[in-house]
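Here's the structure we're looking at; comments come further down.
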Amino acid sequence: MSASLSRPRVGVWLIGARGSVATTVVTGCAAVAAGLHPPTGMVTETPPFTDSGLPALSDLVFGGHDTLDCPLPKRAESLTAGGVLPPGVATAVTAELAAADREIRPGGPTPGDTRSETELITAFADDLRDFMHHHELERAVVVNVASTEPVAHGPDAPLPASTLYALAALRAGCPYVNFTPSEGMHHPVAAREAEHSGLPHAGRDGKTGQTLLRAVLGPMFAQRALTVRAWSGTNLLGGGDGAALADPAAAAAKNAGKERVLADTLGTVPEGEVHIDDVPALGDWKTAWDHIAFDGFLGTRMILQTIWQGCDSALAAPLVLDLARLTARAHEAGVSGPLGALGFYFKDPVGEGPSGLSEQYEELVRFGRSLGEADGADRATRVSRDTEKAGEAL
């Protein structure tokens, strides 16, 4: 009996698994894997990552936690009606959406939940282990795509839900990615445990629109020796994000990452701030406007204005798939700790790395190349393991 060289399947466990981003992730993965749509926006599907040894999209298995009970196929119908998903795609991948929905477990804490923090972490970790055991997965990556939490204050404040999920991921032996501004692994309790876990982790707050543009423009001003006097912005958005960010504390968490990008790329923090307005009628669509005042030669005052209009879920979904594949491969290759090389994807990245988008991309490509170089040793290990299993079967 010959040994199989097939790559194992990889779990992707989504926190906020019935939200717009998660639904678009599952729908998009199934549609691209089936050849229904091209992998637009997926950096991992470009030539520099061909030999990185990443799991195939068809090998990703989805599950997750959520406090909502709207089934994924129904949620996909709603996103189709809102123009987020193209007509017919949700219908074509209904089976994949239903399969993922069956793997979604109740999240928490919810109003009236009497479980302690320890009990919640244990329950979440058990859900992850059951998911991996049921699907015979060697690994699963936990990705937080839930709504932004308000910033917790005070040493006696309860652990935020995002940190409970992060700790559950560590207890279950799963790498963790925080795509939101929520505290997650940044909380001191989780950070200490992560340091000793030997697991890779990445985050935080996906760089999808306005801040993506800031990461490009900030270095431009610095490299051309143009002094930025003020940088102000406005975000108009609806959907779950709009409602969540209507809370000033949640908006403050979101804006911290936007400000960090300017501070890191300009070397200073200019005047101005970002205002976030909830406009429910916009649904999953958002408009981001920036007004940049800068000095030219001899102090000539100049203005640059930008307008970014896009769909948050469609912007985020390909990045989530990239991050799940890269983090899973890093775990497989034995990489541990904060994945600074994934800073390309985040407003407030963990670990060390450059701030400008171009330099971050170069660092990401180098990381992908290093994962590919580790593939030879991994292949030898898999062949040995599969041979042993074949021998046991005989």
Practice problem: Just the number, please: percent antiparallel of the DSSP beta bridges in the chain, rounded to the nearest 5. | Solution: 45 percent
Quiz prompt | Shape of region 147-218, Cα gyration tensor, a/c cut at 1.5 | solution = oblate
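Using a 1.4 Å probe over the heavy atoms of the protein chains, calculate the carbon and sulfur portion of the accessible area of the chain as a whole percent. List each step's numbers first, then the result.
Values: 9650 of 17620 Å².
Heavy-atom surface of the chain belonging to carbon and sulfur, 1.4 Å probe: 55 percent.
Using just the alpha carbons, could you tell me how many Å³ per residue the convex hull of region 252-351 encloses? Walk me through the numbers before you get to the answer.
On the way: hull volume 14.0 nm³, N = 100.
Roughly 140 Å³ of hull volume per residue.
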Quiz prompt | Residues in region 97-128 that a label on D156 would reach, taking backbone N under 18 Å of a point 7 Å out along Cα→Cβ | solution = 117
Quiz item: Quick one: if you stick a label point 7 Å off each Cα along the C-beta vector at R192 and V269, how many nm between them?
Solution: 2.8 nm
Quiz item: By how many degrees, between 0 and 90 and to the nearest 10, does the Cα long axis of helix 161-171 differ from the longest principal axis of the chain?
Solution: 40 degrees
Quiz item: Quick one: in the chain, what % of C-alpha pairs are over 38 Å apart?
Solution: 19 percent
Quiz prompt | Lysine pairs meeting the criterion (Cα under 20 Å, 8 or more apart or interchain), as found in the chain | solution = 9
Practice problem: Please determine, in degrees from 0 to 90 and to the nearest 10, the orientation of helix 20-33 with respect to the longest principal axis defined by the Cα atoms of the chain, where the helix direction is its Cα long axis. | Solution: 60 degrees
Quiz prompt | Translational D in µm²/s for region 186-233 (Stokes-Einstein at 25 °C, 0.890 mPa s, Kirkwood Rh from C-alpha pairs) | solution = 176 µm²/s
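If I take all pairs of Cα atoms in region 1-151, what percentage of them are more than 29 Å from each other? Each step should come with its number before you reach the end.
Numbers: 2584 of 11325 pairs.
Percent of Cα pairs beyond 29 Å in region 1-151: 23.
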Quiz item: Over the Cα atoms of region 11-76, Rg to Rh with Kirkwood Rh, two decimal places?
Solution: 1.01
Quiz item: In bins 5 Å wide, starting from 0, what share of all Cα pairs of region 263-318 does each bin hold, as a percent?
Solution: 4, 13, 17, 21, 16, 13, 9, 4, 2, 0
Exercise. At 7 Å along the Cα-to-beta-carbon direction for both T114 and A230, put a label point, then send me their distance in nm to one decimal.
Key: 5.6 nm
Quiz item: Using every alpha carbon pair in region 77-187, what percent of pairs falls into each 10 Å bin from 0 up to the bin containing the largest distance?
Solution: 13, 36, 31, 18, 2
Quiz item: FRET efficiency for M220 and S370, Cβ-Cβ distance as r, R0 = 22 Å, nearest 0.05?
Solution: 0.15
Quiz item: What's the angle, to the nearest 10 degrees (0 to 90), between helix 117-134's Cα axis and the longest principal axis of the chain?
Solution: 50 degrees
Practice problem: Return the distance in nm (one decimal) between the two label points of a simple spin-label model at A92 and V279, each offset 7 Å from Cα along Cα→Cβ. | Solution: 3.2 nm
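The values are calculated or read from the model by the stated rules, or taken from the named source; none is laboratory data. Every value quoted in this text rests on a predicted model; they were computed, and no experiment measured them. Every residue, glycine among them, receives a Cβ derived from its backbone with ideal geometry; neighbour counts consider all protein chains shown. These accessible areas exclude ligands, DNA and RNA; they are computed on the full protein's heavy atoms, side chains included. Shrake-Rupley method; radii C 1.70, N 1.55, O 1.52, S 1.80 Å.
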